[in-house]
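The values are calculated or read from the model by the stated rules, or taken from the named source; none is laboratory data. Treat the numbers as computed from the prediction; the structure is a model and nothing was measured. Cβ: placed from backbone, ideal geometry, glycine included. Neighbour counts: every protein chain shown. Surface accessibility is based on the protein's heavy atoms, side chains included, excluding ligands, DNA and RNA. Shrake-Rupley method; radii C 1.70, N 1.55, O 1.52, S 1.80 Å.
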Amino acid sequence: MIIVLLGQSCSGKTTTAKKLEEEGYTRMITYTTRSPRVGEIDGVDYHFITQKEFLTMIDKDEFAEYAEYDASYGHVYYGSAKMDYDPDSNKVVVLNPEGYLQIKRNLIPHFSVYLNISVNEMERRIQKRGDSKEEFLRRIKTDTPKFDIIKDQMDLVITDGTPNEIVSKIMNGLMIKIHTNLN
C-alpha cells in the first residue's frame, strides 16, 4: 500500500521516507520546478524539470496530483505522476494538503500520515537546514491553515518521536488499517 506523508516544512517527511525505505518501501520521486537544494540529486530527491515541461505534463493529464506555490524565490510547481501510483506496490510519497486531497478525490488507495511537529522544533530544523527565517515564517503563515483542514482526515497523526519511533508508529497504524479493511 502507498504511504502518503504530510507535514509542514522541516517536520521530518524526508527523514521518515528514508527510514521507510529501510523497511522495504520505495520512495516515489515527485516532480518540481524549483531549483535543487545543496546535495539534492535529480531523479533521486525529485525530478527537477522546467516550468514548460511541467505545464506540458499537466496538459497531457500525466499527474495524479500537483500544486503550485509562490515562494520567496519564485513561482514553483510540485506533482506526482499517475504512472507511479501502483496500489499493489509498497511506496512512500511526500505530499502537501492540496495533493493529498486530489489523490483522495481520485480514490487512490493509500495510508495517510501527518507529521504534526511543533513550530519551535520546525524552526530549529529549518535553521539547521539553512533556509531563511523569512521563508520559514511565510510558510508557517500560509501552510498552517491548509494543514489544519486536513488533520482530521488522516489515518494517523504523529506529534513527536525519533525517526525510528515514527516509523514504528506508521507500521503499526498501517497493519491496523490493513487488518480492519480485511474484516
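List of remarks:
- Just one residue in the set L55, L107, L20, L101 is over 11 Å from the mean Cα position of the chain (by Cα), on the phi > 0 side of the Ramachandran plot and either assigned to a helix (DSSP H, G or I) or among the aliphatic types (A, V, I, L, M) (or both); that residue is L107.
- Restricting the range 111-138 to residues that are part of a loop (DSSP other than H, G, I, E, B) and farther than 25 Å from N181 by Cβ leaves a set whose member that is least open to solvent (accessible area, probe 1.4 Å) is I117.
- In the range 35-44 there is at least one residue matching the filter, namely being part of a strand (DSSP E or B), of a type in the set (D, E) and either farther than 21 Å from F111 by Cβ or in contact with a strand residue (DSSP E or B) (Cβ under 8 Å, 6 or more places away or on another chain) (or both).
- Checked against the criterion of being assigned to a helix (DSSP H, G or I), open to solvent by 70 Å² or more (accessible area, probe 1.4 Å) and closer than 19 Å to T14 by Cβ, the candidates K141, K169 yield just one match: K169.
- The set of residues in the range 161-183 that are in contact with a helix residue (DSSP H, G or I) (Cβ under 8 Å, 6 or more places away or on another chain) and either β-branched (V, I, T) or modelled with pLDDT of 90 or more (or both) comprises P163, N164, I166, V167, I170.
- Set side by side, the residues K19, K60 differ, and just one is out of contact with any strand residue (DSSP E or B) (no Cβ under 7 Å at 6 or more places or on another chain), open to solvent by less than 60 Å² (accessible area, probe 1.4 Å) and of a type outside the set (G, A, S), which is K19.
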